[in-house]
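Student: Please read through the structure below; I'll follow up with questions.
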Amino acid sequence: MLELIAAAVDDRSARGIAGAVSRLVSAGSLPGGARLPTVRELAAILGTSPTTVSQAWRTLARAGVIVPRGRAGTFVLESAAPTVGGARRYRRVTRSPGRIGRDYSTGTPDPALLPDLAPALARIARGNLTTSYLDDPVLPELEKALRARWPFSPEAITVVDGAMDALDRVTGSLVGYGSRVLVENPCFPPLLDLLELVGAEVVALPSDAAGVRPDAVREALTTRPVALYLQPRAQNPTGVSMTEHRARELAELLAGTGVTVIEDDHAGDVALAAPVSLGRHLPASCVHIRSFSKSHGPDLRLAAVGGVAATVEAVATRRLLGPGWSSRLLQAVLAELLADPATERTLAAARARYTARRERMLAALAARGVRAVGADGINLWVDVADEQVALVALAARGIGAAPGTPFEAAPLDGDHLRVTVGLIADELIEATADALADAAQG
């Protein structure tokens, strides 16, 4: 066992040792109940100090991977479950600086551009949608509509309570303490918080205008990751939508590696780009998440999960011991909306309005010497000289924006703000651009 652990350790820090041992546990190489080497034995073979190994053991014990049993030794637990972490990045993004008249920090859609739910609610209000607690978790009419819209043919499909619920449950099924995962950089802060919570080691991938860079993925695959997380359309915060050519390039690199691709299509029908997915090329290695919060309404709290049957069915089965299913009333409302031509017209109008706001603000900022990106979706990623100075300057003018630092999976060149341009009224574009330019330039 000493040789097995020593061969797995490529970083001899306490965190590196803890991560290596946890990956061996997750892979089954160190089975539950196995007795681990003593601190001094492992320190000697690794050529590091007993203090470093002791710290690694304490980390693993806190995470529920191993358990010390006094003179009997230290043992691998039968079931390892991490217990530490928190939503620290997400709290920074959502923390209000006080009374803000125009808050563009939220990342939420413009309520005025959402479909009207009243007609759909009226049509389904009298129905009895649940006959048993063991009914299928997805209404048949909704599943049919989802499969017709899916970017590839999924082995299985289910519905959960929003995109973050989906990410949480899929991650719980696939990622263990010490698992290496690949993410975009910058990245959605709640995902980074979630990965920290489960004890994953994050490998940050830079992107260009077509999506995650293939050369970065090729290099990162040498770390033996278990998952790649992507937002294929209107990436939050940069607004990048992956091209079909880039999806093929990434699929070729990932084929046969055992990496599961987890796609969060968070923008859904408000994205200007057509649906794109690595699942078209790697259907047996992809889990695709489709959110309806930004397009049809945040309070629907619904997202669909489709792809690899083992993962999707694990999510649905685990929910039987929790909420059971997502509200069939809300599912019926969503099914009505997806079949309603008036809703399609509303969504088309919303896409056009969001596009006009993005393009006007990007042009206004460029004219003022400020660099920003946002080719799709409802957000802009704005370069600033100093993040904190810019936030304070905007707050003094009654404007809120999200700090860029929580989005960083690894340090970026320069400071940034995320601005939800989709919330900026047409008549306020120029005035807001003035404020942003003054704040950006310090």
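Student: Name the shape class, rounded, prolate or oblate, that the alpha-carbon gyration tensor gives for the range 118-341, where a ≥ b ≥ c are the square roots of its eigenvalues, rounded holds for a/c under 1.5, and otherwise prolate holds if a/b is larger than b/c and oblate otherwise.
Tutor: prolate
Student: Under 20 °C and 1.002 mPa s, how fast does the range 396-436 diffuse according to Stokes-Einstein, given a Kirkwood radius computed over C-alpha pairs? Answer in µm²/s, whole number.
Tutor: Using the Kirkwood radius from Cα pairs, D works out to 182 µm²/s.
Student: Please say if the range 314-384 is rounded, prolate or oblate, where rounded means a/c under 1.5 for a ≥ b ≥ c the square roots of the C-alpha gyration tensor eigenvalues, and otherwise the choice is prolate for a/b larger than b/c and oblate otherwise?
Tutor: Oblate, since a/c reaches 1.5 and b/c is not below a/b.
Student: Near the amide H of residue 103, under 5 Å away, which other amide H atoms are found, from residues 5 or more places off or on another chain, if H is placed in the peptide plane?
Tutor: Amide H to amide H, under 5 Å and 5 or more residues apart or across chains, residue 103 pairs with 400.
Student: Relative contact order for the chain: what is it in percent, counting Cα pairs under 8 Å that are at least 6 residues apart?
Tutor: 19
Student: Which entry in (1) 49; (2) 46; (3) 42 is this structure's computed percent of Cα pairs over 30 Å apart?
Tutor: The value computed from this structure is option (1).
Student: A follow-up question, please. Residue farthest toward the positive end of the dipole of the chain, with Cβ of Lys/Arg at +1 and Asp/Glu at -1: which of 274, 382, 433?
Tutor: The residue sitting most towards the positive pole is 382.
Student: Further, regarding this structure: Within 10 Å of each candidate Cβ there may be at most 16 other Cβ atoms; applying that plus a DSSP loop requirement, which GluC sites (Glu not before Pro) in the range 1-82 survive?
Tutor: 78
Student: Report, in deg cm²/dmol and to the nearest 500, the calculated mean residue ellipticity at 222 nm for the chain, where each DSSP H run with n ≥ 4 adds -39500 (n - 2.57) and the sum is divided by the residue count.
Tutor: Result for the chain, helices only: -12000 deg cm²/dmol.
Student: When you count, for each residue, the other Cβ atoms within 10 Å and take the mean per peptide, how do 187-193, 34-40, 377-383, 45-51 rank with the highest first?
Tutor: 377-383, 187-193, 34-40, 45-51
Student: Mind ordering 250-256, 396-402, 176-182 by average Cβ neighbours within 10 Å, highest first?
Tutor: In descending order of packing, they fall as 176-182, 396-402, 250-256.
Student: Please sort 306-312, 112-118, 69-75 by packing, taking for each peptide the average over its residues of neighbouring beta carbons within 10 angstrom, highest first.
Tutor: 306-312, 112-118, 69-75
Each value in this text was obtained by applying a stated rule to the coordinates, not by laboratory testing. Because the structure is predicted, anything quoted here is derived from the model rather than measured. All Cβ positions, glycine included, derive from the backbone under ideal geometry; neighbour counts span all protein chains shown.
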